[in-house]
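Working notes for the structure below.
The values are calculated or read from the model by the stated rules, or taken from the named source; none is laboratory data. Quantities reported herein were computed from a predicted structural model and do not represent experimental measurements. For neighbour counting, all protein chains shown are included, and Cβ atoms are generated from backbone atoms with ideal geometry for every residue, glycine included. Areas reflect the complete protein model, heavy atoms only, side chains present, ligands, DNA and RNA absent. Shrake-Rupley method; radii C 1.70, N 1.55, O 1.52, S 1.80 Å.
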Amino acid sequence: YVVVLSSQKSRMDALKAFADLQQKYGSVLESKLPDVREADLSARGLGTVYRVMVGPPGPREAANRTCEQLKSAGFTGCWVTAQ
């Protein structure tokens, strides 16, 4: 499982979003590495988006803990998904 932080229209925008979040929530994200994955959301009318995730992939509990730490710090946009 990994934590999804953001969905953006380009890979570069996804990496920039991670850099911005890492700067703002460094206490949670400082040791995390970004992974950008393409997602086809055409069925929802959204086209292709690029999701920035942080890992490394691991147990659901670890991903949930990271997301909860971010929520406690004020970032409510994360969710956990299977890798």
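So here's what we get for this one:
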item: Among (1) part of a helix (DSSP H, G or I); (2) closer than 18 Å to THR81 by Cα - the single one ALA19 does not satisfy; result: (2)
item: Sole residue being in contact with a helix residue (DSSP H, G or I) (Cβ under 8 Å, 6 or more places away or on another chain) and not charged (D, E, K, R), chosen from ALA73, ALA62, ALA19; result: ALA73
item: The one condition in (1) modelled with pLDDT under 95; (2) in contact with a strand residue (DSSP E or B) (Cβ under 6 Å, 6 or more places away or on another chain) that ALA82 fails to fulfil; result: (2)
item: Set SER72, SER31: member being free of Cβ contacts under 8 Å to residues at least 60 places away in the same chain, outside any loop (DSSP other than H, G, I, E, B) and loosely packed, with under 13 Cβ neighbours inside 10 Å; result: SER72
item: Residues of segment 35-46 satisfying the condition of being surrounded by fewer than 18 Cβ atoms within 10 Å (Cβ to Cβ) and within 14 Å of the chain's Cα centre (by Cα); result: ASP35, ARG37, GLU38, ALA39
item: Search result, residues across segment 9-18 that are touching a residue at least 40 places away in the same chain (Cβ under 8 Å) and either open to solvent by 50 Å² or more (accessible area, probe 1.4 Å) or among the β-branched types (Val, Ile, Thr) (or both); result: LYS9
item: Set LEU5, LEU21: member being in contact (Cβ under 8 Å) with a residue 40 or more places away in the chain and touching a Cys at 6+ places or on another chain (Cβ under 7 Å); result: LEU5
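Yes/no per residue for (1) assigned to a helix (DSSP H, G or I); (2) in contact with a Lys or Arg (Cβ under 7 Å, 6 or more places away or on another chain):
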{"site": "VAL36", "(1), (2)": "no, yes"}
{"site": "ALA39", "(1), (2)": "no, yes"}
{"site": "PRO57", "(1), (2)": "no, no"}
{"site": "GLU68", "(1), (2)": "yes, no"}
